[in-house]
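Notes for the one structure printed next.
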Amino acid sequence: MESPGSVELAKQVLSLMATVLAVGTAFGIAAQKLRIPDVALFLLAGILVGPAVAGLIDVRADSALNQLILIFGACYILFDGGASLRLSVLKEVWITIVVLATVGVLISALITGVAAYYFLGVPFIVALLLGSAIASTDPATLVPVFRQVKIKDRVAQTVMSESAFNDATGAIATFAVLAIALGKGEFSIPAALLDLAKQSGFGLVVGAALGYAAAAFHRRQAGSRRSSCRSVVRERNRKPASPLHPA
């Protein structure tokens with residue numbers, strides 16, 4: 001038998017998810033009616049129902065539910081963006097993607113750090129840590145916008161691809177600055193790159209295997225439906241036409 005605490009937690013999670021889905025659906029329909037990108041209204045909805053305004057949703061940053069929402073949202077956005085990519089376009093812009101995901105992130109971190117140092121008045125190492133943490137802010141949220149706003153395919157493919165690769169550079173820069181700020185020599189760039197290669201390789205292998213399995217399953221189901229339709233058509237053609245009764 002479930003404990004009262006588990007039941008109450010399940011009720012809170014279900015209530016929260018129902019509220020998020022209801023509000024999101026309502027604002028999504030409103031965005032469709034107004035013909036504006038739904039991302040803008042989703043951000044507005046989050047502010048309105050969040051703890052700063054209405055207080056209908058108040059999820060702590062260190063809670064398991066917050067992590068669940070973040071993981072699910074990130075997985076969906078990355079999958080949706082990856083499904084929209086085309087290798088024919090990526091072959092033309094891969095140099096731009098590499099530069100933006102590496103040098104571009106480091107430049108953004110430095111510029112943001114210098115701005116935080118002068119405008120916020122914090123120590124430079126803290127400002128640099130802030131810049132490194134937010135330098136790789138993903139433009140993946142623009143993926144739904146590209147479906148509603150006409151934009152050149154080359155630009156859209158570049159933005160979506162860069163959003164998938166800039167996290168690695170941002171993570172390495174953040175942990176490097178954090179190790180310096182804490183006065184620890186435990187961080188090692190070669191070790192971080194090796195760990196990145198291991199995780200990337202594992203992700204590529206698992207993703208390729210699951211993608212191949214999903215594609216094979218889809219083809220099998222599509223073939224089964226086509227076979228069923230052909231069988232129905234053949235059976236109908238074999239049946240003799242019913243005689244017409246005179247009036």
Charged-residue dipole, Cβ positions (Lys, Arg, Asp, Glu), the range 1-126 about Cα centre, Debye nearest 20: 360 debye
Along each principal axis, Cα extent of the range 44-141, largest first, Å: 47, 39, 24
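None of the figures in this text is laboratory data; all of them are computed from the coordinates on show. Computed from a prediction, not measured in an experiment: that's the story for all the values here. FYI the Cβ positions are ideal-geometry reconstructions off the backbone, even for glycines, and counts take in every protein chain you see.
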